[in-house]
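Student: Below you will find the structure I want to go over with you.
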2 protein chains.
Amino acid sequence: MHQPPDRSGARSLDPHLSRYAARAEGMTASEVRALFAVASRPEVVSLAGGMPNLAALPLDSLSQQMASIVAEEGMTALQYGSAHGVPQLREQICEVMALEGVHGHPDDLVVTVGSQMALDLVTRIFCDPGDVVLAEGPSYVGALGTFASYQADVRHVAMDEQGLVPAALEEAIAAVRAAGKRVKFLYTIPNFQNPAGVTLAVPRRAEILDICLRHDVLVIEDNPYGLLGFDGQIYPALRSMDRDNVIYLGSFSKTFASGLRVGWALAPHAVREKLVLAAESAALCPPTLNQLVVSRYLATHDWKGQIKSFQTMYRERRDALLAGLEQHMPPGCTWTRPDGGFFVWLTVPEGVDTKAMQPRAVTARVAYVPGTGFYADGFGSRQMRLSFCYPPPERITEGVRRLASVLAEELELLRTFGPTARRAMSGAQAPSPDTA
Amino acid sequence: MHQPPDRSGARSLDPHLSRYAARAEGMTASEVRALFAVASRPEVVSLAGGMPNLAALPLDSLSQQMASIVAEEGMTALQYGSAHGVPQLREQICEVMALEGVHGHPDDLVVTVGSQMALDLVTRIFCDPGDVVLAEGPSYVGALGTFASYQADVRHVAMDEQGLVPAALEEAIAAVRAAGKRVKFLYTIPNFQNPAGVTLAVPRRAEILDICLRHDVLVIEDNPYGLLGFDGQIYPALRSMDRDNVIYLGSFSKTFASGLRVGWALAPHAVREKLVLAAESAALCPPTLNQLVVSRYLATHDWKGQIKSFQTMYRERRDALLAGLEQHMPPGCTWTRPDGGFFVWLTVPEGVDTKAMQPRAVTARVAYVPGTGFYADGFGSRQMRLSFCYPPPERITEGVRRLASVLAEELELLRTFGPTARRAMSGAQAPSPDTA
């Protein structure tokens, strides 16, 4: 049998190793993903996943609509479409964005296979290997994966409870410039951020946009949770304040149904043309059927009412999580208090390593995502993301109780043996400083 | 208003021009795409598009199935899935591939958003900028777009009526080696090739695989048409003869419904792991709903019978096209005679430039795709692709009649004014040599 030349010393593991592109080295399984297998066991309370809760969806009427679409428009629904997306859906998406003050033209919008694909295409057309991308610290794990797969150099910018810190953004840009590199864009999730749960304060929005404009830094605004504010509040999108220097990414994954994989990018016209070309070479076109399903849903359902019921459901879960944390967490823990979205960001006392603690948490039947997965640079070892989107309130309460016990044991061990012994026992890395 | 620095001289067209990645330069609209707008006017007989004809699909029963899926499995169908794909569908796809002698394990298969995405992911994990990809000359326009978007260097390998020429493959590999470059893979469509309509002869298959193995060249086998042989013949897949050095790409776009965008890659195990990671960063997961629709279709419909009726329909259309060409084409034209798939490849007499002639053909209400779109190197100016998949037989006959008139006029002009005058009039480039 033929064997390619062994340049790696690891031929027995993968005979194709010498063939991969340089970018393939950055493709490693995320910590979130590795966790899902254990976290999905029924006895475990999963505060790990970011899966929306679909129980509130009107399945019967959706089922009937799906049938009508295929019966009435089957020849369109089952046929190739354009890479740009179904025109009617693009118009409807513009109406959805208008709720956030965005006035976009349907021509400047590209429908994608979830907003993940929109992010992939944006990175594809803008990032050469080594180009710098700025992102909040912490940031969405899926975005970090995409940036890594294009060999972008991610630098984190600190957040506080008001979101991205303008002075930190200025500093980060200056530091990159000083090193002779170029910032291609700022990637930001302004509303109910994943994973931090914080929202960029409205007065800061203009400030952040101004800094980016002055330094010739494009802004990628990722906004999957914007309509999930628990008091019905809707923040003005960054795109509503700057149409020329912002690319807006949106999604129906959290406001309707993630399994349809319908997202979009709204971009300045010339960029949109590049996005369509990139989309064509990536997947020819997004599935037509799925676009028609979303289009008909928007046209015939009370989708705003549906979002209201999602808000109510997620607010109850957020309340259960915050109440549980308040009641059970040992002293020295701090956490964010999101007013929308899916996530709370928890910081544990010094000496505790959330990644090292994770197996013990799963043994105690509770799962979370350790903070390091949300940083490109190893920070986050004292943090974890807690999702309140999926389990019902009483399970969330029970999950927090279990998590608090594990943490209490961990702290007890620390007091007894000191942090050195603890780290040696767990085999984990030393805790790192953290900017978030 | 802020303006980024003008390094390009084209700021007025696109203020973002200085920001794009180097790879974005390779992203230009394909000739096929530019043509679709005019070719889709109802008075035009389009022999241009590659859209499958879905008229034979059982829409009523599909409609009922779609309704049941959402009613019975809605919480799964509308939820995120894994980037790997729905397990049951992966098993069923293995059964489909078994018809071509492929014995793959469901674990080694990744479900993708059409096989276009599978091709994108394969290129992403293997191709660094400048890496050489070998492809038949001519080759699938969508693959050339993907290769360009990863800055791969495409070299064409000649075909004859038996498909890829082994000696030409040896030569191409040697030439690349001599120039100090590396061939990353051979991209081939062995059955009813797009656009040439030829099939790789069975005795040549082992020969091609052996050459690739000897020279450490991976094989990407793209097989969307393999089950559409007009006499029900099924050729053994390259993957059936070499499981370690072939990645097989498949699709339901031509055998079921293109608008669902369900395709796949079957790869050696280690490569499959990389593909799943790449798929995750590209689009998180393929739409769950679409996978369940295909899975249920395969489980409950007579899908083999459906493919037989597709074969019958496409055979009649192929017959109409070949009969029309026989009857109407002026002397000096040659064409391929496909025994499956969607396409005939036509070569016109010397002096005629198919791209220059295209506007006159559209004026005469017939559309085709000029040959140059199927080459990365400007060849193909004396060729065109004729698709027989979409229009009914009588329209195909009429289309060929119109095409023959345009060609006759073109030849008349050539005889009167000579090729120099003709080229000056049309503004097109001089005809290039052609290897196909």
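The values are calculated or read from the model by the stated rules, or taken from the named source; none is laboratory data. Keep in mind the model is a prediction, meaning the values are calculated, not measured. Cβ placement follows ideal geometry from the backbone for every residue including glycine, while neighbour counts extend to all protein chains displayed.
Student: Step by step: first the residues of region A:53-94, then only those that are in contact with a strand residue (DSSP E or B) (Cβ under 9 Å, 6 or more places away or on another chain) and among the β-branched types (V, I, T), then the one that is farthest from the other protein chains (Cβ to nearest Cβ). Which residue is that?
Tutor: Going through the qualifying residues, I end up with A:I93.
Student: A follow-up question, please. Only one of (1) hydrophobic (A, V, I, L, M, F, W, C); (2) in contact (Cβ under 8 Å) with a residue 60 or more places away in the chain; (3) within 10 Å of chain B (Cβ to nearest Cβ) fails for A:L228. Which number is that?
Tutor: (3)
Student: Would you confirm whether or not region A:182-200 contains a residue that is more than 12 Å from chain B (Cβ to nearest Cβ) and part of a helix (DSSP H, G or I)?
Tutor: To start, the set of residues in region A:182-200 that are more than 12 Å from chain B (Cβ to nearest Cβ) comprises A:186-200.
The next check asks that each one be part of a helix (DSSP H, G or I); those that pass are none.
Among the residues of region A:182-200, not one is more than 12 Å from chain B (Cβ to nearest Cβ) and part of a helix (DSSP H, G or I), which makes the answer no.
Student: For a quick check of your reading: which helices (runs of 4 or more DSSP H) sit entirely within region B:1-98 and have at least 3 residues that are at pLDDT below 85?
Tutor: B:31-39
Student: Identify all residues within region A:221-267 that are surrounded by fewer than 23 Cβ atoms within 10 Å (Cβ to Cβ) and at positive phi; write none if there are none.
Tutor: The one that is surrounded by fewer than 23 Cβ atoms within 10 Å (Cβ to Cβ) and at positive phi: A:G232.
Student: I need the full set of residues from region B:359-372 which are surrounded by fewer than 23 Cβ atoms within 10 Å (Cβ to Cβ) and touching a residue at least 12 places away in the same chain (Cβ under 8 Å), in order please.
Tutor: B:R360, B:V362, B:A364, B:R365
Residue by residue, here is whether (1) among the charged types (D, E, K, R); (2) within 23 Å of B:A283 (Cβ to Cβ); (3) buried (at least 23 other Cβ atoms within 10 Å of the Cβ) holds:
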site	(1), (2), (3)
A:A39	no, yes, no
A:V44	no, no, no
A:A56	no, no, no
A:S61	no, no, no
A:V70	no, no, yes
A:H84	no, yes, no
A:E91	yes, no, no
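Student: In region B:348-390, which residue that is small (G, A, S) and in a loop (DSSP other than H, G, I, E, B) is nearest to the chain's Cα centre (by Cα)? Break it down into steps so the answer makes sense when it comes.
Tutor: So in region B:348-390, the residues small (G, A, S) come out as B:351, B:356, B:361, B:364, B:367, B:371, B:373, B:376, B:378, B:380-381, B:387.
Still in the list and also in a loop (DSSP other than H, G, I, E, B): B:351, B:364, B:376, B:378, B:380-381.
Values: B:G351: 28, B:A364: 27, B:A376: 14, B:G378: 18, B:G380: 16, B:S381: 19 Å.
Filtering region B:348-390 for residues that are small (G, A, S) and in a loop (DSSP other than H, G, I, E, B), the one nearest to the chain's Cα centre (by Cα) comes out as B:A376.
Student: Here's something else I'd like to know. Does region B:268-290 hold any residues that are buried (at least 24 other Cβ atoms within 10 Å of the Cβ) and more than 9 Å from chain A (Cβ to nearest Cβ), and which are they?
Tutor: B:L275, B:A279
Student: Out of (1) of a type outside the set (D, E); (2) at negative phi; (3) more than 14 Å from chain A (Cβ to nearest Cβ), what's the single condition that is false for B:V217?
Tutor: Among (1) of a type outside the set (D, E); (2) at negative phi; (3) more than 14 Å from chain A (Cβ to nearest Cβ), B:V217 violates only (3).
Student: I need every pair where a residue in region A:192-205 that is surrounded by fewer than 21 Cβ atoms within 10 Å (Cβ to Cβ) has its Cβ under 7 Å from the Cβ of a residue that is small (G, A, S), sequence separation at least 6 or different chains.
Tutor: From residues that are surrounded by fewer than 21 Cβ atoms within 10 Å (Cβ to Cβ), the pairs are A:A201/A:G163; A:R204/A:G163.
Student: Can I ask one more? Just name the residue that is farthest from the other protein chains (Cβ to nearest Cβ) out of those in region A:118-142 that are of a type in the set (D, E, K, R) and farther than 20 Å from A:L266 by Cα.
Tutor: Result: A:E136.
Student: Consider A:Q327 carefully, then state whether it is surrounded by fewer than 20 Cβ atoms within 10 Å (Cβ to Cβ) and more than 27 Å from A:L200 (Cβ to Cβ). Steps first, answer last, please.
Tutor: Numbers: surrounded by fewer than 20 Cβ atoms within 10 Å (Cβ to Cβ): yes; more than 27 Å from A:L200 (Cβ to Cβ): yes.
The answer is yes for A:Q327.
Student: Mind checking whether some residue in region A:267-279 is of a type in the set (D, E) and either farther than 28 Å from A:V217 by Cα or not in a helix (DSSP H, G or I) (or both)?
Tutor: No, that holds for no residue.
Student: Based on what the data block shows, is B:A152 free of Cβ contacts under 8 Å to residues at least 60 places away in the same chain, within 14 Å of chain A (Cβ to nearest Cβ), aliphatic (A, V, I, L, M) and within 30 Å of B:F374 (Cα to Cα)?
Tutor: Yes.
Student: Output the number of the condition that A:G137 fails; it satisfies all remaining conditions of (1) in contact with a Ser or Thr (Cβ under 8 Å, 6 or more places away or on another chain); (2) in contact (Cβ under 8 Å) with a residue 60 or more places away in the chain; (3) closer than 30 Å to B:L78 by Cα.
Tutor: Looking at each condition in turn, A:G137 falls short on (3).
Student: For region B:103-124, how many residues meet the condition of being crowded, with 24+ Cβ neighbours inside 10 Å and not in a strand (DSSP E or B)?
Tutor: Number satisfying all stated conditions: 11.
Student: Among the residues of region A:156-168, write down those that are in contact with a Leu (Cβ under 7 Å, 6 or more places away or on another chain) and either small (G, A, S) or part of a helix (DSSP H, G or I) (or both).
Tutor: A:G163
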